[in-house]
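The values are calculated or read from the model by the stated rules, or taken from the named source; none is laboratory data. For clarity, every value in this text was computed on a predicted model and none was experimentally measured. For neighbour counting, all protein chains shown are included, and Cβ atoms are generated from backbone atoms with ideal geometry for every residue, glycine included. Please note that ligands, DNA and RNA were not included when accessible areas were found on the heavy atoms of the full protein model with its side chains. Shrake-Rupley method; radii C 1.70, N 1.55, O 1.52, S 1.80 Å.
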Amino acid sequence: MVSEGEHVVVIGGAGFLGSHVCERLLRYGYRVTCVDSLITGSADNVSQLRHDRGFRFVELDVTRPLSEWPELPGGSVLHLASPASPKDYRRLPVETLRVGAIGTENALELASRHGARFLLASTSEVYGDPAEHPQSESYWGNVNPVGPRSVYDEAKRYAEALTLAYHRERGTDVAVARIFNTYGPRMRSGDGRLVPNFVTQALSGAALTVAGTGTQTRSLCYVDDTVSGLLALWRSDLTGPVNIGNPHELSVRHLAEEIRALTGTDSPITFIPGAVDDPRRRCPDITLARTALGWEPEIDLREGLRRTIAWFARHTVPAVSAAPLANDSR
Ligand code: NAD
């Protein structure tokens, strides 16, 4: 179990999700060391935290040998480092595999040496294109091990296996969270994921480009809910894996229509070729999180989208080009 006020090392803390985790931990009174290479994250994501005396930023690639790491405090280790958008991990295939493998091993070593609790941010992508619906933690998945997404999916599957191996062999206190699609402020407008794509397109008056037929489903969790779920798991004594996501399932086309309506744009919805191995259905079974953690999402889609659209409207310069952004339904 984790005690109040202790130190937490958040690896990948300058990313979208990690920056919200750092912020919440500081608000709860923890001290936070944010470790990040900034390969897909940004110092801007944590710039508002730098004045907080409990916050420290360390720029580091966690695939570097542990012997080259600076001294880090001996608290919990939350490992969120990995390119996460399909656009990023296709651009960075080897880096994605390395951070899932070597980065995870280094992070586990750090936690293990300090006797600290370790949390892995895994993903619903370990289920691949699922043959079971909704996906519960007992489902083993249907992943193409050599397709373009395999660098991410298999890196996370390996990271889960390694985490459980440290637990079984070395007694490391671990938790594995399988995070489903999360959206919210601080996503990058061009990162290729569904919500930032559609919102950016709608705000700039461009066509909303739906990949494939748009009948494929997703379930989207607002970032504040995901952070609450992750921290509830971290503060519990569960090992997991535990699904963290929103079970409200909707089609990609419906999502595009919803964003179109909320932004008030008259941009059309157009269709582009679907991505290889794009999962047809994605919806978490969160019975375990509900019963064992007492957690479930509280922010409904419309409210989450409103907050996200408001943030994008304030933070992004409307694009002049109506060129379609590729999206592959994440
Ligand atoms: P992100 O790309 O915004 O954040 C990842 C962070 O990790 C970035 O700041 C990046 O610079 C850092 N990083 C990557 N490689 C690193 C390395 N070698 N050393 C140090 N830092 C490194 O992505 P995100 O959406 O915030 O995702 C965070 C984590 O949550 C990822 O592990 C991702 O797999 C997982 N996840 C996210 C979602 C989602 O919908 N956002 C869903 C499932 C799982």
What percent does the relative contact order of region 200-318 come to when contacts are Cα pairs within less than 8 Å and at least six residues apart? 42 percent
Helix 301-315: inclination vs the chain longest Cα principal axis, degrees, rounded to 10, gives 90 degrees
Starting from the Cα-Cα distance between Leu250 and Asp44, subtract it from 0.36 nm times their residue separation and give me the gain in nm to one decimal. 71.0 nm
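If you filter region 118-153 for GluC sites (Glu not before Pro), then keep DSSP loop positions with at most 15 other Cβ within 10 Å, what is left?
Working: sites: Glu125, Glu132, Glu137; in loops: Glu132, Glu137.
Loop-located and lightly packed - Glu132.
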Other residues with Cβ under 10 Å from the Cβ of Val176 give, with Lys and Arg +1 and Asp and Glu -1, a net charge of 0
To the nearest Å, what is the center-to-center distance of region 83-135 and region 277-300, using C-alpha atoms only? 19 Å
Modelled label-to-label distance, Val276 and Glu59, 7 Å Cα→beta-carbon offset: nm? 3.5 nm
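For the chain, what does the accessible surface come to per residue with a 1.4 Å probe? Please give it in Å². Mind dumping the intermediate values first?
Numbers: 13510 Å² over 330 residues.
Accessible surface, normalised per residue, equals 41 Å².
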Which of the trypsin sites (Lys or Arg not before Pro) found in region 23-95 are in a DSSP loop and have at most 14 neighbouring Cβ atoms, other than their own, within 10 Å? Arg50, Arg53
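Region 36-183: Rg/Rh from Cα coordinates, Kirkwood Rh? Intermediate results must be reported in sequence, preceding the final value.
Numbers: Rg = 15.8 Å, Rh = 16.3 Å.
Radius of gyration relative to Kirkwood radius: 0.97.
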Using a Förster distance of 51 Å, how high is the FRET efficiency between Glu6 and Ala261, based on the Cβ-Cβ distance and rounded to 0.05? 0.70
Tilt, helix 252-263 to longest principal axis of the chain (alpha-carbon atoms), in degrees rounded to tens, equals 80 degrees
Low-density loop GluC sites (Glu not before Pro), region 49-78, at most 15 other Cβ within 10 Å, DSSP non-H/G/I/E/B, are Glu71
Please report the accessible area of Val210 (heavy atoms, 1.4 Å probe, ligands and nucleic acids excluded) in Å², nearest 10. 0 Å²
Percent of Cα-Cα distances greater than 39 Å, calculated over the chain: 9 percent
Keeping the other protein chains in place, figure out the carbon and sulfur percent of the accessible area of region 1-118, with a 1.4 Å probe. 48 percent
